[in-house]
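To start, the structure under review is shown below, and the notes come after it.
The values are calculated or read from the model by the stated rules, or taken from the named source; none is laboratory data. Since the model is a prediction, treat every value here as computed from it, not as a measurement. No Cβ is skipped: glycine too gets one built from the backbone with ideal geometry, and neighbour counts run over all protein chains shown.
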Amino acid sequence: MADIDGTLTDMQRHISTDAIIAIRKLPVPVVLASGNVICFMRAASKLIGASEAMIGETGGVIQVGYDSKPMVLADIGECRRAADMLLRHFPMMEQLDARYRMSELAFRRTIDVMKAGELLESEFPGLEIVDTKFALHLKHRSVNKGTGLVKIAFVMGLEPENFAALGDSANDLHMFKETGMGLAVGNATAEVKAAAEYVAKASYGEGAAEALYWLARRL
């Protein structure tokens with residue numbers, strides 16, 4: 001299971017050809033897990049040669065099979081009500097991918113995240129705002145990449161510990177906790193590196209390729 005932004009890509013979201021080659025050579029399927037919308041996940045999975053199983057919207061939407069119906073695991077309605085509240089405090093807050101999101105909302109990184117978090121805590125305690133360094137995600141606290149992994153493993157008839165997780169940032173730690181093995185790219189946060197069984201020397205996509213080749217030797 002692999003994160004995309006900051007793991008398979010650099011900070012400009014340019015994907016590494018080394019990582020794509022490593023994914024295609026890996027003798028087991030690769031499930032992509034990201035905060036991106038599920039239509040993006042389908043396209044990315046097809047293009048780079050990952051599996052037909054994918055996790056989108058930070059665990060809020062999963063899909064198994066390119067032509068199957070996505071499973072939505074969280075109520076976007078509460079997120080929309082919370083966004084209306086935040087817009088009163090941050091009128092310049094700009095939403096991303098609004099048309100395609102099903103379980104959470106995403107915004108540009110142009111607001112005070114700490115203040116936004118305090119407002120949510122007082123009025124919508126079941127929600128949180130997560131900064132992935134690429135976007136701000138307004139989501140349910142009960143939903144994350146780890147819960148998405150547990151659900152997708154069930155649908156696939158597998159156990160979560162049968163997966164390995166590859167990532168770079170704090171929102172990938174939920175995957176690490178559910179899987180049997182965590183892998184970190186060289187640009188990962190200190191917290192992620194500490195939780196990983198293998199830490200790549202290289203960063204971003206080149207580090208992802210390094211970690212995947214290491215995993216392949218272990219299989």
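For every residue, the table says whether it meets (1) surrounded by fewer than 20 Cβ atoms within 10 Å (Cβ to Cβ); (2) without any contact (Cβ under 8 Å) to a residue 60 or more places away in the chain; (3) closer than 30 Å to L219 by Cβ.
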| residue | (1), (2), (3) |
| --- | --- |
| K115 | yes, yes, no |
| D131 | yes, yes, no |
| L158 | yes, yes, yes |
| L166 | no, no, yes |
| L173 | no, yes, yes |
| T189 | yes, yes, yes |
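Tell me the residue from A43, A22, A74, A106 that is closer than 30 Å to K193 by Cα, of a type outside the set (D, E) and assigned to a loop (DSSP other than H, G, I, E, B), please.
A74
Run down L136, L127 and say which single residue is modelled with pLDDT of 95 or more, assigned by TED's automatic domain parsing to the domain that holds M92 and closer than 21 Å to D10 by Cβ.
After ruling out the rest, the residue left standing is L136.
Is it the case that segment 133-146 has a residue that's touching a strand residue (DSSP E or B) at 6+ places or on another chain (Cβ under 7 Å) and of a type in the set (V, I, T)?
The answer is no; no qualifying residue exists.
What is the residue count in segment 21-67 for residues that are more than 18 Å from F163 (Cα to Cα) and in contact with a Leu (Cβ under 8 Å, 6 or more places away or on another chain)?
Qualifying residue count for the region: 5.
Across segment 37-71, what is the number of residues that are more than 21 Å from I20 (Cβ to Cβ), surrounded by fewer than 15 Cβ atoms within 10 Å (Cβ to Cβ) and not polar (S, T, N, Q)?
Adding up the residues that qualify gives 3.
Could you tell me which residue of segment 69-92 is farthest from V113 (Cα to Cα), considering only residues that are small (G, A, S) and in contact (Cβ under 8 Å) with a residue 12 or more places away in the chain?
Only one residue tops the list, namely A74.
Would you say K151 is more than 14 Å from the chain's Cα centre (by Cα) and within 20 Å of M71 (Cα to Cα)?
In short, yes.
Filter segment 14-55 down to the residues that are of a type in the set (D, E, K, R) and touching a residue at least 40 places away in the same chain (Cβ under 8 Å) and list them by number.
Correct list: D18, K25.
Looking only at segment 140-162, which residues are β-branched (V, I, T) and either under 16 Å from G180 (Cα atoms) or in a loop (DSSP other than H, G, I, E, B) (or both)?
V143, T147, V150, I152
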